[in-house]
Amino acid sequence: MVVAIDGPSGVGKSTVSRAVAAALGLPYLDTGAYYRMATLVTLRAGGDPADPEAVLTALKNVEVDFVGGRLLLDGVDVSADLRSPEVTASVSAVAAHQKVRVAVVELQRAWVERHGGDAVVEGRDIGTVVFPHAPVKVFLVADPEVRARRRAGDPEAAGHTIDSIREQIARRDHLDSSRETSPLRPAADAVTIDTSQLSIAQVVARVLDLVGTL
């Protein structure tokens, strides 16, 4: 069983997904980390993130795994590097390439298959593209101000004002929702949960209730 949890940044996807996975005893996959990984290897290779062929070339022969919430690249934990300002600035461009998304989705599906086909998977197109037949699909949303304040607590937001973080979020939302390939949007059969005024425990409980109805 795949539990698909989608939504933009700052809505609590990662925290909720990890907690749901722990409660169900299922592995957890952050698909966004794969696009950051693709961005990282492209930058390390001196490639242009805006060039899909450069990204695909950088991805060749790369061994990637996601273990315990950490992304391993050729066996090395690069989770901290994925959150660098350079990667953050270019990841939307990388994620917009159709050919790159096809390649990355194959990696993500292969990861879930290696784990027996059961996982809690978070991202921006899990319910619409990666696992469109997932029995549980959740789309998390939150007020822009709430999202900005949540993101302010992340290490990568250090030194940024709430206003600048809000602008960054709005820019990322626009890029993700307006891209031609796999735009950010809820699946037709997804349950939307507004996390603005809910605790993590309350959101997790709602997702577990959806699982329990199967």
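The values are calculated or read from the model by the stated rules, or taken from the named source; none is laboratory data. Everything quoted here is computed from the prediction, not taken from an experiment. Ideal geometry is used to build each Cβ from the backbone, glycine not excepted, and the neighbour counts take in all protein chains shown.
If you check V138, V105, V100, V130, which single one turns out to be within 30 Å of I162 (Cβ to Cβ), at pLDDT 95 or above and crowded, with 18+ Cβ neighbours inside 10 Å? V138 is the lone residue from the list that is within 30 Å of I162 (Cβ to Cβ), at pLDDT 95 or above and crowded, with 18+ Cβ neighbours inside 10 Å.
Of the residues making up region 86-143, those that are touching a Ser or Thr at 6+ places or on another chain (Cβ under 7 Å) and of a type in the set (D, E) are E122, D125, D143. Screening A110, A45, A50, A89 for residues that are among the small types (G, A, S), closer than 24 Å to P135 by Cα and not assigned by TED's automatic domain parsing to the domain that holds A4 leaves exactly one candidate, A110.
Kindly indicate whether any position in region 102-116 is charged (D, E, K, R), in contact (Cβ under 8 Å) with a residue 12 or more places away in the chain and closer than 28 Å to R171 by Cβ. No, there is no match, as no residue in region 102-116 is charged (D, E, K, R), in contact (Cβ under 8 Å) with a residue 12 or more places away in the chain and closer than 28 Å to R171 by Cβ. The residue list A33, A50, A80 contains one member that is aliphatic (A, V, I, L, M) and within 27 Å of T192 (Cα to Cα), which is A33. Within region 9-29, one or more residues are at pLDDT 95 or above, out of contact with any His (no Cβ under 6 Å at 6 or more places or on another chain), in a strand (DSSP E or B) and under 17 Å from R124 (Cα atoms).
Yes or no: S178 without any contact (Cβ under 8 Å) to a residue 60 or more places away in the chain, touching a helix residue (DSSP H, G or I) at 6+ places or on another chain (Cβ under 6 Å) and either among the polar types (S, T, N, Q) or more than 23 Å from S90 (Cα to Cα) (or both)? Don't jump to the end; show me each part of the working.
Working: without any contact (Cβ under 8 Å) to a residue 60 or more places away in the chain: yes; touching a helix residue (DSSP H, G or I) at 6+ places or on another chain (Cβ under 6 Å): no; either among the polar types (S, T, N, Q) or more than 23 Å from S90 (Cα to Cα) (or both): yes.
Spelling it out, it is not the case that S178 is without any contact (Cβ under 8 Å) to a residue 60 or more places away in the chain, touching a helix residue (DSSP H, G or I) at 6+ places or on another chain (Cβ under 6 Å) and either among the polar types (S, T, N, Q) or more than 23 Å from S90 (Cα to Cα) (or both).
Among residues of region 14-29 being crowded, with 24+ Cβ neighbours inside 10 Å and of a type outside the set (V, I, T), the one that is nearest to L107 (Cα to Cα) is L29. On inspection, G69 does not qualify as out of contact with any strand residue (DSSP E or B) (no Cβ under 8 Å at 6 or more places or on another chain) and at positive phi.
Looking for something in contact with a helix residue (DSSP H, G or I) (Cβ under 9 Å, 6 or more places away or on another chain) and modelled with pLDDT under 95 - is there at least one such residue anywhere in region 31-42? Checked region 31-42: at least one residue is in contact with a helix residue (DSSP H, G or I) (Cβ under 9 Å, 6 or more places away or on another chain) and modelled with pLDDT under 95.
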